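No value in this document is a laboratory result; all are computed from the given coordinates. Small disclaimer: the values here were computed from a predicted structure and weren't measured. Glycine gets a Cβ as well: all are built from the backbone with ideal geometry, and neighbour counts include every protein chain shown.
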Amino acid sequence: MKQWAIIGASGAIGAAFTRQLAVQGEAVRVYAFSRRGTRFEQPNIIQGSIDLTDEASVREAAAMASEEGALDGVILATGILHADDLAPEKSLKDISAESFARVFAMNTIGPALVMKHFLPALQREEKAVFAALSARVGSISDNYLGGWYAYRASKAALNMLIKNASIEMARRYKQAVIVGLHPGTVDSPLSKPFQAHVAPDHLFAAEYSASRMLAVLEKLTPADSGKCVAYDGAEILP
C-alpha cells in the first residue's frame with residue numbers, strides 16, 4: 001500500500017494531485033487535507049482538516065496520515081498571492097508589515113511547520129518524496145521584473161527551507177527526495193487576475209500541470225533533493 005498526503009487538497013492543483021494519485025488503484029491511499037474541506041468520490045481518499053497557521057493542527061494531520069504506516073509521498077499545494085484585501089506589491093510604497101506577515105505565514109512559516117511534522121513520517125527504506133509548490137518568481141537569479149515583494153521573498157525563503165531540510169534529512173533518510181515544484185501558470189483563482197498577460201499555450205489546466213509534476217517526481221532521485229524543479233523537469237536556479 002502506497003500512502004500519500006496532499007496538503008491543500010481543496011485548491012485547484014491540490015485537488016488534481018489528489019484525484020490523479022487516487023485513480024492509480026486500491027494499492028494507493030491518499031490523505032487529503034485542507035482547511036475548508038472538499039468532496040472526493042474515490043473510496044481510497046481519506047479526508048482531513050489542517051490549518052497551516054496552527055501547529056497543533058499540522059501535528060494532528062501528520063499523526064493521522066502516518067497512523068497506518070510511513071508515507072511514500074507528501075505534496076504541499078498551498079500558497080497565497082492575493083485576496084480580496086491583499087494585492088501583490090508593485091513598488092516599495094505598497095509594502096506593509098501586515099501583508100508581509102500574512103504572506104509569510106502561509107507561504108513560508110506554514111510550510112516549515114509541515115516539514116517539521118510530516119518529514120519524519122516519511123518511510124526510510126525506499127524512495128520517499130516531499131514536494132512543496134514553489135514558484136519561478138522565487139528565484140533571485142531569474143528576477144528581471146521586480147515587484148511582488150512579499151510573494152517573491154516568501155517563495156525564495158521556502159526554497160531555502162527545502163534546501164536546509166534536504167541536507168538534514170539525507171543524514172537518516174537516505175532515499176528521501178525533498179524538492180520545490182514550479183507548476184507553471186495554472187488556470188486557478190491564484191492566477192486569475194494576471195492571466196491576461198499569459199500566452200494561451202502557457203496557461204495550463206490544473207490536471208495537466210499536476211500530471212506533469214507527478215511525472216517529474218517519479219524520475220527524481222535523492223541526488224535531486226534540495227532543488228526547485230519545474231513541471232517540465234528543468235531545474236530553477238536560486
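With a 10 Å cut-off between alpha carbons and a GNM built on the chain, which of Met106, Met115, Met64 moves the most?
In this elastic network of the chain, the residue with the biggest mean-square fluctuation among Met106, Met115, Met64 is Met64.
Determine, from the Cβ-Cβ distance of Arg171 and Glu126 and an R0 of 22 Å, the FRET efficiency 1/(1 + (r/R0)^6), rounded to the nearest 0.05. Write out the running numbers ahead of the final one.
Numbers: r = 18 Å, r/R0 = 0.80.
Approximately 0.80, to the nearest 0.05.
Quick one: among Ile140, Ile50, Ile109, which has the greatest mean-square fluctuation in a GNM of the chain with alpha-carbon springs under 10 angstrom?
Highest fluctuation among the options: Ile140.
Using Cα extents along the principal axes in Å as the read-out, say which of (1) 51, 39, 37; (2) 50, 44, 34; (3) 47, 45, 35 was calculated from these coordinates.
Given (1) 51, 39, 37; (2) 50, 44, 34; (3) 47, 45, 35, the structure-derived one carries the label (1).
Using per-residue counts of other Cβ atoms within 10 Å, averaged over each peptide, order 70-79, 164-173, 222-231 from highest down. Write down the numbers at each step before the final one.
On the way: 70-79: 23.6, 164-173: 15.7, 222-231: 18.9.
Per-residue mean Cβ counts within 10 Å order the peptides as 70-79, 222-231, 164-173.
Once label points are set 7 Å from the Cα along Cα→Cβ at both Lys2 and Asp54, what is their separation, rounded to one decimal in nm?
It works out to 3.2 nm between the two label points.
Mind giving me the nanometre distance, one decimal, between the label points for Ala97 and Gln20, set 7 Å out from Cα along Cα→Cβ?
4.2 nm
Work out the length of the dipole vector of the chain about its Cα centre, built from +1 on the beta-carbon of each Lys and Arg and -1 on the beta-carbon of each Asp and Glu, and round it to the nearest 20 debye.
Values: 24 positive and 25 negative charges, 80 e Å.
With only Lys, Arg, Asp and Glu charged at Cβ, the dipole is about 380 debye.
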